[in-house]
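Asks: Before I ask anything, here is the structure I am working with.
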Amino acid sequence: MANQQIFLLALLWVVFWGAIGSLFTPRIYSRKDLDISRATLGGALVGAALGPIGLIPLWIYTPRFTNRIYAAASIIVLGILILAFARAYPDNLCVSDGGFVASQVTNGIVIGLIYSLMALGLTLIYSILGIVSFAHGEFYMVGGMVVYFMSASTLFGRAGAWVWLLGAAVVTFVIGAIFEILFLRPMGEGKIERPKEYAILVTFGLSFFLQYLVQGLAGANPVKAPRFFDFPVIELPNAEDPYLIKTTAGNLRLFDAVSIPNTRFVSAMISVLLLFALLFFLYRTWTGRGLRAVSEDRQAASVAGINPYRMNTLAFALGGMLAGLSGATLVQVFTWLPQVGIPAAARSFVIIVLGGMGSLPGAFVGGIIVGLVEALGAGCVPDPARAAAYIPAYGMIILTLTLLLKPTGLFGREL
Amino acid sequence: MMKRSTLLRIGLPAALAFLLLIAPLWIGGSPYIMHLAITAFYYAILAASWSLLAGYAGQFSFAHMSFMAIGAYAAALYGTYIRITTVATETCREIPFFGRWLVILDPIGISQSSQTNCLDLARQTMPAGSMIIQPSIWWGLLFGVVAGGLFGLLIGALVLRLRSTYLALFTIGFSEILRAVISAEIDITQGQSGLEMAPLFPNGITLFGHSYSASDKIPPYYVMLALFLVIMLILSWVVSSRIGLFIRAIREDQEASAALGVHVVRYKVLVFTITAMMAAAAGVIQGHYIGIITPNILIILQMSLVIAMAVIGGLENIYAAAIGAVILLFGLELLRNSFTIGPVTIDMTTWRLVAFGLVLMITLRFFRNGLISPLIDRVMRRNVARETVALRNAATAAATPTATTAGEGGSDE
Amino acid sequence: MSSSKSMRWLITVLVLMLALVISACGAPAAQETVGDAPAAEEAPADAAASSDAAAEEAPAEATEAPAEEASGDAAAAEGDVIKIGALAPLSAPGTVVGGEAMVDAMRIAADEINANGGLLGRPVELVIEDSEGLPERGTAAMEKLINQDQVVAVGGGYHSSVGVAAKEVAHDNGIPVVFAETWNDTITSAMYPEIFRIAPLNSEVTAVDLNWLTSLPYEIGNVVILTENTDYGIPAAQETAAGLEAAGIASETFQTDIGTQDFSAIIDRIRAQNPDFILVLNTGEAGFNFQQQAAEQGIGPQDVPMLCNQDGLESNAYWTNVPDGNLCFLRRVGLPVELYNDVAKSFVERYVELTGKTTAESYALEAYDSIMIIAQAIEEAGSTDPAAIIDALENISYEGALGTITFPVNSKNTPEQAGMDPKWWHQFPDPAITIVQYQEEGQDSLDAPVVFPEIYQTGDLVWVTAE
């Protein structure tokens, strides 16, 4: 029992010196007329990693914070916490069972890939329009609903998953485009004061509208689409000893420890495909290059003959569509309701803030990190009464920490 | 000489306040309308204080309901776990307190099997005649407001560097974490079952010779109204004082105002703290009035309701925000009734919210200042215009052309 | 600078005001003298508050009851229509599926009453109010039903926390309530004269689970309980765990937030426990999510015996959301289908026709009965006076879809006299609780065999053993 306090003490130690570092380092740097943009995070990391032993030399020598310092300090912090955790809870599955950890990590990455797709949509919107869409979760919800209703209808029921996905893409794209033209375009035309706040509120209104519209039209019964594709049944190396790979129609099992449900695997693979499609679109087509040009420099792009308003509409619709597609693939994994968009949107916010607002690679990496943190959080927190009850909070803790320590995120442009 | 516009600025609110004071003469007979009125004041406090924070100071915080919840939970925890006894219990955690004992009960969580807490154990051994007192809920109000203020101070200080979208996301994060903590720490907060709170006047109260029971609506109506009026007074004083001027300057251009000597940090944190205290106070009173508080008041829907009220009323006008809250609350409530057109029954519980989202979007797009705020301006300005004309005439008569602009000073922003 | 001066002013004013409020109202909220306690317990009204914590906070009871008379008169003065309130969650965060089903059932009840000529020769109107699953909203809804719509009685009710809060309003106004689906024991154990319940007691349901588990001939050494963190789930999980421990069975409880969607990590943890049995106490979509995801990860009902949440009784929803959920055990409230009386049969027929579902869920049956029993009480009382209705309810013997409903523990036979726990106050004592098991994919829950208790048993259970 006394062991458990080791972890608590380590955590307190890290948090305390991290806070001290993040509070005082920027002041010391600014007193010496040095660049303070990286001092908060740097101070926090060095403080958390080494405590006073690190902070005092840091404050005396005030070195420039390079990525190398960041990385070294982060590794030390993680190391301290992992070691303390292992000492405190030697029987915890995350310490004693390697297969369990592997399974959590795999599932975290798989679900993270799907989250990234949705967050990519949000970050795309941000990079072109400079706003965060608070209706993103509702596009996700609508995408899933479209797939469910197509799969349950007699007309499209047999058409197959690709047609359903196409349907979800079309519907969410159209909703996004119409909304952008009606409500966001005036913002670009400079007719709106304080456009960022306006955008927050007006997308909020849209989210309200869509959520209850769907509830009014479709009811609030929980629904779920059937599995898109079945796995072929494989047992390798042989049926007696399938320790490498064993699949059933609904599950894939690797090395006997890692189990990935079919629905998640399929969703993740579709997400990866869509990701490549998006990259191709952005980097290999004229329109996609136009989009990127607008995100780099609006003025220059419009001089070059790109209509920025059309690009705004395209970006918003495309972003909504990505969320819709993300929902469309997940409706076979989760039970669907008009309210499912709310936690999903919150998670996307976490991802784009962590990755850096407007950064495409950031959304991708952020998605996987958030997927991992949620899986490991729910899997490793020792108290079973709390582990799952705190799932909504894990991401939010990342969000608030990122905003406090490095608001630009992992890959954001420096402010 | 008192200008007519000044008269209007003071007279109109005073008349409204007086109307609200005597309103129970008409609506007092219907506990349901009284209930709506009390809830309307509660939302009006939240919307008006949020409009100071978001509209005047430009801090788009989604944590306003969190401060409300912090206040209410602080008061509820105080009411649930703090007792004063005349004799030491020996079983509870206790500290001597002016010759009595301040007892902190042990949290037992929610359970149906009648689990006993330490006070139940003590009750069996205590000598007859010893008293167990649940201290006044008004100390709980103080406790709640202070807790709300402290958190407001903390959040205000943390978000200094964050602007618009980042601030909104940070506060959403804070709010979600708070909700998760309250739902998960069941031993203390009783999670989703919520904490029960004593009525405002547990033993009833006698007002003007008429005694009201604990469940009567008149006393809470006046308590909430008083809180509302006091908060509106403070808010209107703040916005018309230098503080109001400075926070608007900060909103428009933080760097420029800092360069002009406005203490940016101080005012931002100050606004966060005061509005958080107001929200907390509203939360405590509403909690005691309703009798129970659950973590579901923190769901984003509740916050969006407050935001929508302020926006539809008029974000940059505390009075408009308050009026917007009252109108919207009554509107949404009265729209609950389903109706039937021919064979189709429209279930209004859902569709009214669809309409609500639509109204919110349209208001934002086409009525930037909300729906109520322009009306207020109109009433105020018409008189300003008349006054200006009168002044101009007087000025022409006196042949002093400088007086023409004097009336403009009274115009509302 | 004057700005900081004005700030100081503001702070001073705030502090002064607070001080004023505090000093003006320093009176204690409640006071209790220990020596008096036994005397107080003699009085029946105070015996209600058996838990002393409640007694402490309970406000002094309003002695005059003008509200009661007023609303009674007003209802009579309303003239023709008799209004009956219906409380159900119809929007999030409430369980909308349950709420909508209950509303449909209660509408059927009201239509049936009106088709048979109404009550006391007057038509009946059902006033539906949305509780949103929020206690604060529930009190407002009850307030509106009683004081605005002037209903003579209220039926329905789904979420326990709403019931706990709303019963206070009904009690203050003296309006009878027949709760249909709120299981929390405290709702009846407060012993309010107005509160009746035809749903089972949470503790009794737990007892059924325990009896069943301990009677099984299989080796069960390790049970995992998955629960939502609500006042339905937590007490049920705690009592089950305690009961299992008494029977020498180890158990571990996992708590989740109500809206939890992704259970994969929890499922891995549960698998590592190697449970012999899984008990799911998550309602609504969270339960569906868990069951299907568990099946996909190899510890579903076909791998480990699992008692699923009772929302699964609605077969359409169950098989849509849990396609791999065959062999799940389900708890059903109400008589088994074979023993359905005519009332239940005709109700289910109409319900299926109206909703397009395959059968009526237990909460639909309960909701229907809650309105019909109020109707019969009004007929028997011969008036719409709430006190008369309460009196009629206490003496009622109603043939409903759930069986013959009576409230044997009442003001003439108090729990003290009957020697029973206060939770039995105004409680329908024997709503039949059975355990059924889906044994074919896509099976209608009506066709699923009843496997427990023995007297109702219609088939053998299929018991899967962990690999």
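The values are calculated or read from the model by the stated rules, or taken from the named source; none is laboratory data. Just so it is clear, the model here is predicted, and its values are computed rather than measured. Note that each Cβ is placed from the backbone with ideal geometry, even for glycine, and that neighbours are counted across all protein chains shown.
Asks: Just one of B:301, B:329 is of a type outside the set (Gly, Ala, Ser), within 13 Å of chain C (Cβ to nearest Cβ) and within 15 Å of the chain's Cα centre (by Cα); which is it?
Replies: B:329
Asks: Within the stretch A:175-194, count every residue that is at the interface with another protein chain (Cβ under 9 Å from one of its Cβ atoms) and part of a helix (DSSP H, G or I).
Replies: 4
Asks: List every residue pair whose Cβ atoms lie under 7 Å apart, where the two residues are 6 or more positions apart in sequence or sit on different chains, the first residue falls within the stretch C:236-257 and is closer than 16 Å to residue C:271 by Cα and not assigned by TED's automatic domain parsing to the domain that holds residue C:160, and the second residue, located anywhere, is surrounded by fewer than 20 Cβ atoms within 10 Å (Cβ to Cβ) and among the small types (Gly, Ala, Ser).
Replies: If the second residue must be surrounded by fewer than 20 Cβ atoms within 10 Å (Cβ to Cβ) and among the small types (Gly, Ala, Ser), the pairs left are C:250/C:221.
Asks: From the list C:265, C:236, C:286, which one is away from chain B (no Cβ under 12 Å), under 26 Å from the mean Cα position of the chain (by Cα) and not in a strand (DSSP E or B)?
Replies: Values: C:265 fails: under 26 Å from the mean Cα position of the chain (by Cα); C:236 fails: away from chain B (no Cβ under 12 Å).
When all the criteria are applied, what remains is C:286.
Asks: Any residue in the stretch B:196-223 that is under 26 Å from residue C:163 (Cβ atoms) and at the interface with chain C (Cβ under 8 Å from one of its Cβ atoms) sitting within a Cβ distance under 7 Å of a residue that is in a helix (DSSP H, G or I) and of a type in the set (Val, Ile, Thr)? List the pairs, counting only those 6 or more apart or interchain.
Replies: So the pair list comes out as B:198/B:137.
Asks: Do any helices (runs of 4 or more DSSP H) lying entirely in the stretch A:9-116 carry at least 2 residues that are at pLDDT below 85 and closer than 30 Å to residue A:243 by Cβ, and which ones are they?
Replies: Of the helices (runs of 4 or more DSSP H) lying wholly inside the stretch A:9-116, those with at least 2 residues that are at pLDDT below 85 and closer than 30 Å to residue A:243 by Cβ span A:67-88, A:93-96.
Asks: Across the stretch B:15-56, what is the total count of residues that are farther than 23 Å from residue B:335 by Cβ, within 14 Å of chain C (Cβ to nearest Cβ) and assigned to a helix (DSSP H, G or I)?
Replies: 2
Asks: Give me a count of the residues in the stretch C:355-380 that are on the phi < 0 side of the Ramachandran plot, modelled with pLDDT under 85 and either more than 21 Å from the chain's Cα centre (by Cα) or not assigned by TED's automatic domain parsing to the domain that holds residue C:129 (or both).
Replies: The total comes to 3.
Asks: If you check C:227, C:260, which single one turns out to be free of Cβ contacts under 8 Å to residues at least 60 places away in the same chain, under 19 Å from residue A:104 (Cβ atoms) and within 25 Å of the chain's Cα centre (by Cα)?
Replies: C:260
Asks: Answer yes or no as to whether residue B:260 is at pLDDT 85 or above and either of a type outside the set (D, E, K, R) or buried (at least 21 other Cβ atoms within 10 Å of the Cβ) (or both). Spell out how you get there, then give the answer.
Replies: Values: at pLDDT 85 or above: no; either of a type outside the set (D, E, K, R) or buried (at least 21 other Cβ atoms within 10 Å of the Cβ) (or both): yes.
So residue B:260 fails the test.
Asks: For the stretch A:357-415, enumerate the residues that are β-branched (Val, Ile, Thr), within 14 Å of chain C (Cβ to nearest Cβ) and in a helix (DSSP H, G or I).
Replies: Selection gives A:370, A:373, A:391.
Asks: Hey, among the residues in the stretch B:141-168 that are farther than 30 Å from residue B:254 by Cβ and more than 8 Å from chain C (Cβ to nearest Cβ), which one's surrounded by the most Cβ atoms within 10 Å (Cβ to Cβ)?
Replies: Among residues in the stretch B:141-168 that are farther than 30 Å from residue B:254 by Cβ and more than 8 Å from chain C (Cβ to nearest Cβ), the one surrounded by the most Cβ atoms within 10 Å (Cβ to Cβ) is B:144.
Asks: Checking residue C:295 against (1) within 11 Å of chain A (Cβ to nearest Cβ); (2) farther than 18 Å from residue A:104 by Cα: exactly one of these is not met. Which one?
Replies: So the condition that residue C:295 fails would be (2).
Asks: Considering only residues that are out of contact with any His (no Cβ under 8 Å at 6 or more places or on another chain) and assigned to a strand (DSSP E or B), which ones fall in the stretch C:178-207?
Replies: If the condition is that a residue be out of contact with any His (no Cβ under 8 Å at 6 or more places or on another chain) and assigned to a strand (DSSP E or B), then C:178, C:179 are the ones that fit.
Asks: For the stretch C:268-280, name all the residues that are assigned to a strand (DSSP E or B) and more than 16 Å from residue C:293 (Cβ to Cβ).
Replies: Across the stretch C:268-280, the qualifying residues are C:277, C:279.
Asks: For a quick check of your reading of the model, give me the residue pairs whose first member lies in the stretch A:337-349 and is within 8 Å of chain C (Cβ to nearest Cβ) and surrounded by fewer than 24 Cβ atoms within 10 Å (Cβ to Cβ), whose second is not hydrophobic (A, V, I, L, M, F, W, C) and not in a loop (DSSP other than H, G, I, E, B), with beta-carbon atoms closer than 8 Å and at least 6 apart or on different chains.
Replies: A:339/A:211; A:343/A:137; A:343/A:392
Asks: Which residues, counting only those in the stretch A:222-276, are at the interface with chain C (Cβ under 9 Å from one of its Cβ atoms) and out of contact with any strand residue (DSSP E or B) (no Cβ under 9 Å at 6 or more places or on another chain)?
Replies: Listed by number, the residues that qualify are A:226, A:227, A:248, A:263, A:264.
Asks: Given the options A:101, A:46, A:77, name the one that is buried (at least 18 other Cβ atoms within 10 Å of the Cβ), farther than 27 Å from residue B:162 by Cβ, touching a helix residue (DSSP H, G or I) at 6+ places or on another chain (Cβ under 9 Å) and β-branched (Val, Ile, Thr).
Replies: Just a single option satisfies the conditions, and that option is A:101.
Asks: Which of (1) away from chain C (no Cβ under 14 Å); (2) of a type in the set (Phe, Trp, Tyr); (3) buried (at least 24 other Cβ atoms within 10 Å of the Cβ) is the odd one out, the single condition residue A:281 does not satisfy?
Replies: (3)
Asks: State the number of residues belonging to the stretch A:212-248 that are in a loop (DSSP other than H, G, I, E, B), exposed (fewer than 14 other Cβ atoms within 10 Å of the Cβ) and free of Cβ contacts under 8 Å to residues at least 12 places away in the same chain.
Replies: Total meeting the criteria: 2.
Asks: Please verify whether the stretch B:95-108 includes one or more residues that are charged (D, E, K, R) and away from every other protein chain (no Cβ under 11 Å).
Replies: Yes, that holds for at least one residue.
Asks: Out of everything in the stretch C:111-163 that is at positive phi and in contact with a Lys or Arg (Cβ under 9 Å, 6 or more places away or on another chain), what residue ends up being nearest to the other protein chains (Cβ to nearest Cβ)?
Replies: Ranking the qualifying residues of the stretch C:111-163, first place goes to C:150.
Asks: Shifting gears a bit: Restricting attention to the stretch A:344-358, does a residue exist that is modelled with pLDDT under 90, more than 19 Å from the chain's Cα centre (by Cα) and closer than 28 Å to residue C:295 by Cβ?
Replies: Looking for residues that are modelled with pLDDT under 90, more than 19 Å from the chain's Cα centre (by Cα) and closer than 28 Å to residue C:295 by Cβ, one finds none in the stretch A:344-358, hence no.
Asks: Take residue B:235 and decide whether it is surrounded by 21 or more Cβ atoms within 10 Å (Cβ to Cβ), of a type outside the set (S, T, N, Q), within 28 Å of residue B:262 (Cα to Cα) and without any contact (Cβ under 8 Å) to a residue 12 or more places away in the chain.
Replies: On the way: surrounded by 21 or more Cβ atoms within 10 Å (Cβ to Cβ): yes; of a type outside the set (S, T, N, Q): yes; within 28 Å of residue B:262 (Cα to Cα): yes; without any contact (Cβ under 8 Å) to a residue 12 or more places away in the chain: no.
Considered against the rule, which asks whether it is surrounded by 21 or more Cβ atoms within 10 Å (Cβ to Cβ), of a type outside the set (S, T, N, Q), within 28 Å of residue B:262 (Cα to Cα) and without any contact (Cβ under 8 Å) to a residue 12 or more places away in the chain, residue B:235 comes out as no.
Asks: Need the failing condition index for residue A:206 against (1) surrounded by 20 or more Cβ atoms within 10 Å (Cβ to Cβ); (2) assigned to a loop (DSSP other than H, G, I, E, B); (3) not small (Gly, Ala, Ser), just the number.
Replies: Exception for residue A:206: condition (2).
Asks: Only residues that are within 10 Å of chain A (Cβ to nearest Cβ), assigned to a strand (DSSP E or B) and surrounded by fewer than 23 Cβ atoms within 10 Å (Cβ to Cβ): list them for the stretch C:242-262, please.
Replies: Hits for the stretch C:242-262 are C:252, C:253.
Asks: Restricting attention to the stretch B:177-195, which residues are within 7 Å of another protein chain (Cβ to nearest Cβ) and either at pLDDT below 85 or under 21 Å from residue A:199 (Cβ atoms) (or both)?
Replies: Answer for the stretch B:177-195, where residues must be within 7 Å of another protein chain (Cβ to nearest Cβ) and either at pLDDT below 85 or under 21 Å from residue A:199 (Cβ atoms) (or both): B:184, B:186, B:191, B:192, B:193, B:194.
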